[in-house]
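What follows is one structure encoded as structure tokens, with my remarks underneath.
The values are calculated or read from the model by the stated rules, or taken from the named source; none is laboratory data. Nothing here was measured: the structure is a model prediction, and the numbers come from that model. Cβ: placed from backbone, ideal geometry, glycine included. Neighbour counts: every protein chain shown.
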Number of protein chains: 2
Amino acid sequence: MVYGLARRELRPRVPLRPGEGEKHHLTSLEGLAALSLDALSSVAYGPEAIVLALVAAGTGALSATLPITLAITFLLAALVISYGQVIAVHPDGGGAYAVSKAELGPASSLLAAASLVVDYVLTVAVSLAAGADALASAFPVLAHDKLLVCLVGLALLTGVNLRGVTESARVLMLPTVLFIVAILGIVVLGLLRPHPAAVVGTAQSFPAHETLGLLLILKAFSSGCSALTGVEAIANAVPTFRTPRFKRAQRTELMLGALLGIMLVGLAVLIRRDRVAPRGGVTVLAQLTAGAYGTGWAYYATNIIVTLVLLLAANTSFGGLPVLMSLLARDHRLPHLFGLRAERPVYRYGVVALALMAALLLIAVNADTHRLIPLFAIGVFIGFTLSQLGLVRHWARQKPEGWKRRALINGTGALLTTLAGVILLTTKFLEGAWVVVIAVPLMMLLFARIQRYYTEVGKELGLGRIPGPPDRRTASLVIVPLGDVSKLARHAIGAALALGDEVVAVAVQADPDKTRALREAWERWDPGVRLDIIDSPHRSLVQPIVDYVQRVAHDGDGRQIAVLIPEVEPRHRRYEILQNQRGLLLATVLRSRTDVVVCMLPYRLRL
Amino acid sequence: MVYGLARRELRPRVPLRPGEGEKHHLTSLEGLAALSLDALSSVAYGPEAIVLALVAAGTGALSATLPITLAITFLLAALVISYGQVIAVHPDGGGAYAVSKAELGPASSLLAAASLVVDYVLTVAVSLAAGADALASAFPVLAHDKLLVCLVGLALLTGVNLRGVTESARVLMLPTVLFIVAILGIVVLGLLRPHPAAVVGTAQSFPAHETLGLLLILKAFSSGCSALTGVEAIANAVPTFRTPRFKRAQRTELMLGALLGIMLVGLAVLIRRDRVAPRGGVTVLAQLTAGAYGTGWAYYATNIIVTLVLLLAANTSFGGLPVLMSLLARDHRLPHLFGLRAERPVYRYGVVALALMAALLLIAVNADTHRLIPLFAIGVFIGFTLSQLGLVRHWARQKPEGWKRRALINGTGALLTTLAGVILLTTKFLEGAWVVVIAVPLMMLLFARIQRYYTEVGKELGLGRIPGPPDRRTASLVIVPLGDVSKLARHAIGAALALGDEVVAVAVQADPDKTRALREAWERWDPGVRLDIIDSPHRSLVQPIVDYVQRVAHDGDGRQIAVLIPEVEPRHRRYEILQNQRGLLLATVLRSRTDVVVCMLPYRLRL
């Protein structure tokens, strides 16, 4: 699922602004294609989660699937109406973080941010795990290698995102349409048939070891709520719609709600009628697929489409997390570095971090979708609740016409999602929700600590106050570390002479013969600069130079000291490991241990 | 096993030189402790490899273990005598790489280097895998988690080596003595008992699906040769002995040969007498241990000592590979960076690279020792052969008294090891030796390519020729990228004024309000330097500055252009990710895309 942020910017590197390039903006239908995959793909694991919870009370209990699904659909309707109002109030694409920051204050926004991060990671993990289940339903040979399938999928996503991807709504249109047609086809064809066309998977026995009491129903309900993840994506991406922006977005939200509701209820009716219990080796959705289409090509095609759509759903997190991180960085809650999300190396950190966290999670649960579900929906529901609460606060402050009715709608939404969240947390605590309960506060603490650090640094740097006039140093001395007399040395000494009032070259040598040869060559060259040679019998290079620089800086007479390190820059990137590395190492150590200016001078090779 | 280089320098960061700190040098016995672990620990997998090869012809074929072991011991004797001569000729600790470079020419030394690298990696992998086998023999609960045990051991070694370790012969003395006592105890006690004291492991049936022909005997022989790995370590570490250096080293080599020979033959006699066949869950050595000591505390203690000694054997590679890499770097066959092995960050690259390669190998064979053995001994035998051949060439060139006899000894050694190597390669090709056959030439090619690159760069830089006089630029311009008016700006402008004839500050802003505020603050501060503000609506920082610098450099009138990037240096390392990263990113991009001098100016926080 997608939410919390304008994570579906279609050109993530250069965010579109309202009014800019209208023809690149989305119509309602395009919006549905671009922004609904996450939510719709939840039908691959949501209904199954209900069935799996209920079957603990024996196969007879499965008839409760329909009423539970109806309750979830009711919650869905409330969310869709609530988000319709979010769209109207935050046409800039609020998102839980932005809304709670604006309306609820710092603590709530930290909570929103932390649950969003948890959620981006889980979206990747759950979508991949469910995708592997779908693929293994079609190709049973993969049944024992689901973790491997997930990790291969993750590697694929990571690779694509590291190279940089420009998503386009039009590319997503085809898989979305195919997916909707396939799922609705299952519902319609399945209901038309008097009994399932085919049965797949191996039968399993389910002795009833619990009774169908309230607790079990609540468990099934909270598992099924994973089907709701993703419905907030549209509200977060209002700026990507074509004008009339918020009307189109609201229409798309309604379409998404209707489609998802029809799918969920339709599948639940089929599950009830055909008494679908979990079977070995296949998903519940795959059983329903076989029941409607038989086991011919349509069965394979549907499972492949479901896999593809889940992979695309996982991909949305890779677009979303960097946006969230950049917002947090601008609020001084993550390293400022991440504010530069448009810069490729920074963007890559985010991609790799997300991939690693998802990989760890997948390995920890051995790619078992059902062990991830308890962790999944909690973050989402925190986001839902904070968005609605923010709107209630908004209405109470602004008091526009009809604000009471509006506040009632959002308040009901908040109440329902809080209730669902509490049910989720209590019934799923031991099954994995405790991980989220630990991770979220830790992350909030981290964000708060970072923010405090930046505040203190700002004070120390005197940000916002006019400093004294710059110190005018009397003169400057530039030290040039060299290995040989060569064109590189010539280039470096030239640059140093332009920057320094005085220049001195320094070389480190382990071998007396080489020292003598270097001394002679220097005298023959005679560049008008002194050469100091440091003896280093242990062949260490960095430490002797650092010691030398510290000595010079100590008796520097208040001069500005700079070390100018010439580096050979090969033309081809593949040669980079062969050059410069010693210079970089020296620069790093000098920067951490001395207060001198460290300069790098590139010398470009033709090679 | 250890060989090829003085890899057992006892203080790897500061190599001892002959004559330096005599009391830190080794006596013969200390040398045995420090340098024999690798070779002696081979008894944990060598005899087992023979048994496993022979059992393909049924348990009756196991009686061939003794004659095959005798043949291997004969080869051992030849190697020990040969290496006695290597010690005398190369008291600086020749090693296969150094000897073949000095005596045989570039191609042979590349071959030696590549097989050494392969071998360091395999030493780690085989020792860890055999260690996991030994541990699982004592604690069967680990039998299904051998890969995990190996990876934990590897992580341990990597961690210790990343922190830096000063090995001491005295620390190694205790495990070595315990190991020798334990193994000799097995032989003596085992032979004294009329029949095994206890039998461990689960029986397995071995239908004879091959006949005991020449091919099978050669296979068993070549598998058993893995027991010889490590006997060259002493010859490589002569400089670490106390004077009379080479006498002591030769004595140690003889002791090692005698001990290893006695152990191998003793264990083979026991295997033959007790008809020891492979059993499930335990190693052959563990079976012999139980046969001699029963299954009481001595059984556990012995297996734990064997595990520990194998772990220490794996550790030797972590000391050895960086030494080899630094020699290769000095010969321009690896990035020059690795020549700085004494510098901690560089040393760490080697440790991490070795750990990764060993981990991949262990994962690839699922920590199965017997799948690693075919890859293992080939590299070793290439090293053996090249060392002996080098000595033959040495004798033929120098022609000292008795050179013909000496050349005959080394020639016989070379012939035998070549023969063993060819047998290894042909009988084990499909079982894994092909990996080495592919890896070694690829690595040789890589080394040669790197060397060619450095030669060409040297030409381009005019190394060895006196360059023209340095260009004297007319003047210099220093550009200072800034974000705010603060103490940091004051510090940076001050340094820039000392270095440049002209200074200009530049800021990137996305927000018109902030631009105005910055402009005002600058005017109030009035540091006597122009401020250029670049508009960047897309919040990109790096690209606008690079464009600006390129523009300035283009109309620079031949002035030397420098960019001075101030960076906030936090006092605590843990805050580093919070600072500087944007400056570093900017510096990296400027260095790769422009020809200006890039300067970093640290500003130290008290925080």
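Among the conditions (1) touching a Phe, Trp or Tyr at 6+ places or on another chain (Cβ under 9 Å); (2) closer than 14 Å to A:T302 by Cβ, A:A134 misses just one, which is (1). Residues that are without any contact (Cβ under 8 Å) to a residue 60 or more places away in the chain and under 21 Å from A:F221 (Cβ atoms) within segment A:383-410 comprise just one, A:T385. Restricting to segment B:345-365, name every residue that is touching a residue at least 40 places away in the same chain (Cβ under 8 Å) and within 14 Å of another protein chain (Cβ to nearest Cβ). Scanning segment B:345-365 gives B:Y347, B:R348, B:I363. Applying the condition of being touching an Asp or Glu at 6+ places or on another chain (Cβ under 8 Å) and in a helix (DSSP H, G or I) to segment B:590-607 and asking which residue is farthest from A:T594 (Cα to Cα) yields B:S592.
Please find, among B:L391, B:L340, the residue that is in contact with a His (Cβ under 9 Å, 6 or more places away or on another chain) and surrounded by 19 or more Cβ atoms within 10 Å (Cβ to Cβ). Selected residue: B:L391, the only one of B:L391, B:L340 that is in contact with a His (Cβ under 9 Å, 6 or more places away or on another chain) and surrounded by 19 or more Cβ atoms within 10 Å (Cβ to Cβ).
Yes/no matrix, rows are residues, columns are (1) in contact with a Pro (Cβ under 9 Å, 6 or more places away or on another chain); (2) among the acidic types (D, E); (3) in contact (Cβ under 8 Å) with a residue 12 or more places away in the chain:
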| residue | (1), (2), (3) |
| --- | --- |
| A:V80 | no, no, yes |
| A:D92 | yes, yes, yes |
| A:G105 | no, no, no |
| A:V121 | no, no, yes |
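The lone criterion from (1) more than 24 Å from B:A359 (Cβ to Cβ); (2) in contact with an Asp or Glu (Cβ under 9 Å, 6 or more places away or on another chain); (3) assigned to a helix (DSSP H, G or I) left unmet by B:P196 is number (3).
Quick one: would you say B:V187 is under 26 Å from the mean Cα position of the chain (by Cα) and among the β-branched types (V, I, T)? The answer is no for B:V187.
Let's see how each residue does on (1) facing chain A (nearest Cβ under 7 Å); (2) in contact with a helix residue (DSSP H, G or I) (Cβ under 8 Å, 6 or more places away or on another chain):
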site: B:R571; (1), (2): no, no
site: B:Q581; (1), (2): yes, yes
site: B:L584; (1), (2): no, no
site: B:V589; (1), (2): no, yes
site: B:S592; (1), (2): no, no
site: B:P602; (1), (2): yes, yes
site: B:R606; (1), (2): yes, yes
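Residues of segment B:561-582 that are without any contact (Cβ under 8 Å) to a residue 40 or more places away in the chain and part of a helix (DSSP H, G or I): B:R573, B:R574, B:Y575, B:E576, B:I577, B:L578, B:Q581.
If I ask for residues that are small (G, A, S), crowded, with 24+ Cβ neighbours inside 10 Å and within 20 Å of B:V422 (Cβ to Cβ), which ones from segment B:213-239 would you list? Before the answer, list the steps.
The first filter runs over segment B:213-239 and keeps only residues small (G, A, S), leaving B:213, B:220, B:222-224, B:226-227, B:230, B:233, B:235, B:237.
With the extra rule that they be crowded, with 24+ Cβ neighbours inside 10 Å, the set shrinks to B:220, B:222-224, B:226-227, B:230, B:233, B:235, B:237.
Result: B:A220, B:S222, B:S223, B:G224, B:S226, B:A227.
So which of A:S317, A:S326 is crowded, with 21+ Cβ neighbours inside 10 Å, touching a Leu at 6+ places or on another chain (Cβ under 9 Å), within 27 Å of A:A448 (Cα to Cα) and within 14 Å of chain B (Cβ to nearest Cβ)? That would be A:S326, the only listed residue that is crowded, with 21+ Cβ neighbours inside 10 Å, touching a Leu at 6+ places or on another chain (Cβ under 9 Å), within 27 Å of A:A448 (Cα to Cα) and within 14 Å of chain B (Cβ to nearest Cβ).
Exactly one of (1) among the polar types (S, T, N, Q); (2) within 11 Å of another protein chain (Cβ to nearest Cβ); (3) within 25 Å of the chain's Cα centre (by Cα) is unmet by B:T417. Its number? Here B:T417 meets the rest and fails (2).
Residue-by-condition table, conditions (1) hydrophobic (A, V, I, L, M, F, W, C); (2) over 27 Å from A:L76 (Cβ atoms):
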position	(1), (2)
A:G339	no, yes
A:R348	no, yes
A:V351	yes, yes
A:M357	yes, yes
A:P374	no, no
A:G390	no, no
A:L425	yes, no
A:L430	yes, yes
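Starting from residues that are more than 15 Å from B:D484 (Cα to Cα) and among the hydrophobic types (A, V, I, L, M, F, W, C), keep the ones in segment A:448-462 and report whichever is surrounded by the fewest Cβ atoms within 10 Å (Cβ to Cβ). Going through the qualifying residues, I end up with A:A448.
State yes or no: is B:Q451 in contact (Cβ under 8 Å) with a residue 40 or more places away in the chain and touching a Ser or Thr at 6+ places or on another chain (Cβ under 6 Å)?
no
Against the criterion of being among the charged types (D, E, K, R) and away from chain B (no Cβ under 14 Å), A:R275 qualifies.
Within segment B:225-249, being in contact with a Ser or Thr (Cβ under 9 Å, 6 or more places away or on another chain) and farther than 25 Å from B:A433 by Cβ holds for B:I234, B:A235, B:F241, B:R242, B:K247, B:R248, B:A249. Test A:V265 against the stated conditions and say whether it is under 30 Å from A:S205 (Cα atoms), assigned by TED's automatic domain parsing to the domain that holds A:Y45 and not in a loop (DSSP other than H, G, I, E, B). It is true that A:V265 is under 30 Å from A:S205 (Cα atoms), assigned by TED's automatic domain parsing to the domain that holds A:Y45 and not in a loop (DSSP other than H, G, I, E, B). In summary, strands (runs of 3 or more DSSP E) completely within segment A:440-559 and bearing 1 or more residues that are within 11 Å of chain B (Cβ to nearest Cβ) occur at A:476-481, A:502-509.
Look at segment A:293-312: where a residue is on the phi > 0 side of the Ramachandran plot and a partner is surrounded by fewer than 16 Cβ atoms within 10 Å (Cβ to Cβ), sitting 6+ places away or on another chain with Cβ atoms under 9 Å, you get A:G294/A:A198. So for segment A:166-176 (the condition being assigned to a loop (DSSP other than H, G, I, E, B), in contact with a Lys or Arg (Cβ under 9 Å, 6 or more places away or on another chain) and not small (G, A, S)), does at least one residue qualify? Yes: one or more hits.
Looking at A:L408, A:L446, A:L391, A:L425, just one residue is out of contact with any strand residue (DSSP E or B) (no Cβ under 9 Å at 6 or more places or on another chain) and at pLDDT 90 or above, and that residue is A:L446. Determine, yes or no, whether A:V99 is part of a helix (DSSP H, G or I), crowded, with 24+ Cβ neighbours inside 10 Å and either touching a residue at least 60 places away in the same chain (Cβ under 8 Å) or not assigned by TED's automatic domain parsing to the domain that holds A:N315 (or both). Yes.
Results for (1) among the hydroxyl-bearing types (S, T, Y); (2) over 43 Å from the mean Cα position of the chain (by Cα); (3) in the same structural domain as A:M357 (by TED's automatic domain parsing), shown as yes or no for each residue.
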| site | (1), (2), (3) |
| --- | --- |
| A:I423 | no, no, yes |
| A:T426 | yes, no, yes |
| A:L430 | no, no, yes |
| A:A433 | no, no, yes |
| A:I438 | no, no, yes |
| A:R449 | no, no, yes |
| A:L463 | no, no, no |
| A:V480 | no, yes, no |
| A:K487 | no, yes, no |
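Residues in segment B:490-506 that are in contact with a helix residue (DSSP H, G or I) (Cβ under 8 Å, 6 or more places away or on another chain), surrounded by 24 or more Cβ atoms within 10 Å (Cβ to Cβ) and aliphatic (A, V, I, L, M): B:L499, B:V503.
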